[in-house]
Amino acid sequence: MQSSPPSHASRLADLVARAPKAELHVHIEGTLQPELAFEIGRRNRIALPWESPEALRQAYAFTDLQSFLDIYYTVASVLCTEEDFHDVAWAYLQGARDDNVVRAEIFFDPQTHLVRGVPFEAVIGGLSRAICRAERELGISAALIMCFLRHLSEREALETLERAAPYRGQLLGVGLDSGERGNPPEKFRDLFARCRRLGLHSVAHAGEEGPPEFITAALDALGAERIDHGIRCLEDRGLVARLVRERIPLTVCPLSNVRLRVFETLADHCLPRLLAAGLRVSLHSDDPAFFGGAINEVHRQSIMALPLSESDAHRLLRNGLESAFWEPTAAAPHLERLDALFGF
Ligand code: ADE
Ligand code: ZN
């Protein structure tokens, strides 16, 4: 039997898979695959409350952000030593290389680990070692963004910043994540002011489940340079106009949004509307081990489910490379390669 030729969408997805890309919204704890979580748990004598990796995967039936976070923090509790943090980051970075990621700005949640008595040094030491190794062995440029948990207090975040002080040189920036409901950005105004004075870049999750006002507050109260998710901006026309005018990047994660029930299916996702509005959108994986795919899979499924043109796909990739916190001279060769691949 003759197989039918690949569709236009599938050819476009293949092209995107080969293109250089920047991963700007990935939580390292969210890259921990069930098999590795069980292996690390065994060596640390920490039992996860599931019988097997398969049973854990079965539990990935989320109803909203909080239902995911409950499992995500439990899985992350196996991470204890420098070696653990190295291993999870190294596994992620090897996969990222296969997806043609050339720049990865990786989130980590130190508070999740410090509260269990894990030393800051083990967390940042392991992650930094994997990043240096990736630069050397995989040719990926990578850096760390330290996220604060917004369900905790500003005082606790400030204490975490104090503990991070000796490692300032290993941090690219700070972010804000965890449960958005009831935790507006204003809660962390002083913290982010201090981080900015330290010369750290700032990003924040906003408008994922929370209202568009949280996006405005992330910009005004926190000075966020990029908004993670930001999809609910579409509910406020004035905000959309501002985001377009100020060229604020939105790091959008369609597979995450579907798994966390922000949209019923991928075909319902607002990505085409975000692009049509002229917003500076790029696509990312968020927590790939939990949401069904790394960055190439995110692009592939989005292209297959949504009416995205070649020029949309090119724009998404270009936006990602241009929104990374790296020198324009570092981005330039990758942008050139991207344009050449797309014939621009
Ligand atoms: N931490 C990990 N993934 C997250 C998400 N999608 N939103 C908020 N906090 C997170
Ligand atoms: Zn996220």
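Computed from the C-beta positions of Y60 and R129, the FRET efficiency with R₀ = 25 Å rounds to 0.30. Enclosing the Cα atoms of region 189-343 in their convex hull gives a volume equal to 123 cubic angstrom per residue. Distance from the C-alpha centroid of region 56-125 to that of region 322-343: 28 Å, rounded to the whole angstrom. For region 9-322, with all protein chains present and a 1.4 Å probe, just round the carbon and sulfur fraction of the accessible area to a whole percent. So the carbon and sulfur contribution to the accessible surface is 48 percent. Please compute the Kirkwood hydrodynamic radius of region 28-73 from all pairs of different C-alpha atoms, in Å with one decimal. The answer is 11.2 Å.
Here the spin labels are modelled as points 7 Å beyond Cα on the Cα-Cβ line, and at A193 and A241 they lie 3.0 nm apart.
In the chain, the alpha-carbon atoms span a convex hull of 145 Å³ per residue. Counting only protein heavy atoms and a 1.4 Å probe, the chain has 41 square angstrom of accessible area per residue.
Once the chain from E154 to S52 is taken as fully extended at 0.36 nm per residue, the excess over their C-alpha distance is 33.0 nm. Extension gain R43-S309, at 0.36 nm per residue separation less the Cα-Cα distance, in nm? Difference between extended and current length: 91.0 nm.
When each full DSSP H helix of the chain is screened for a Cα extent of at least 18 Å along its own axis and an average Kyte-Doolittle hydropathy of at least -1.0, the helices passing are 82-98, 120-137, 328-342. Ranked by the mean number of other Cβ atoms within 10 Å of their residues, highest first, the peptides 303-314, 249-260 come out as 249-260, 303-314. Sorting the segments 67-73, 153-159 by their mean number of nearby beta carbons within 10 angstrom, highest to lowest, gives 67-73, 153-159.
Each stretch of four or more DSSP H residues adds -39500 (n - 2.57); spread over every residue of the chain, this sum gives -15000 deg cm²/dmol at 222 nm.
Using 0.36 nm per residue and subtracting the Cα-Cα separation, the extra length available between Q170 and R18 on full extension is 51.7 nm. For the chain, modelled as a GNM whose springs connect Cα atoms under 10 angstrom apart, the maximal fluctuation among E327, E246, E23 occurs at E327.
The values are calculated or read from the model by the stated rules, or taken from the named source; none is laboratory data. As the structure is a prediction and not an experimental result, all values here were calculated from the model. Please note: Cβ atoms are built from the backbone with ideal geometry, for glycine as well, and neighbour counts cover all protein chains shown. Areas reflect the complete protein model, heavy atoms only, side chains present, ligands, DNA and RNA absent. Shrake-Rupley method; radii C 1.70, N 1.55, O 1.52, S 1.80 Å.
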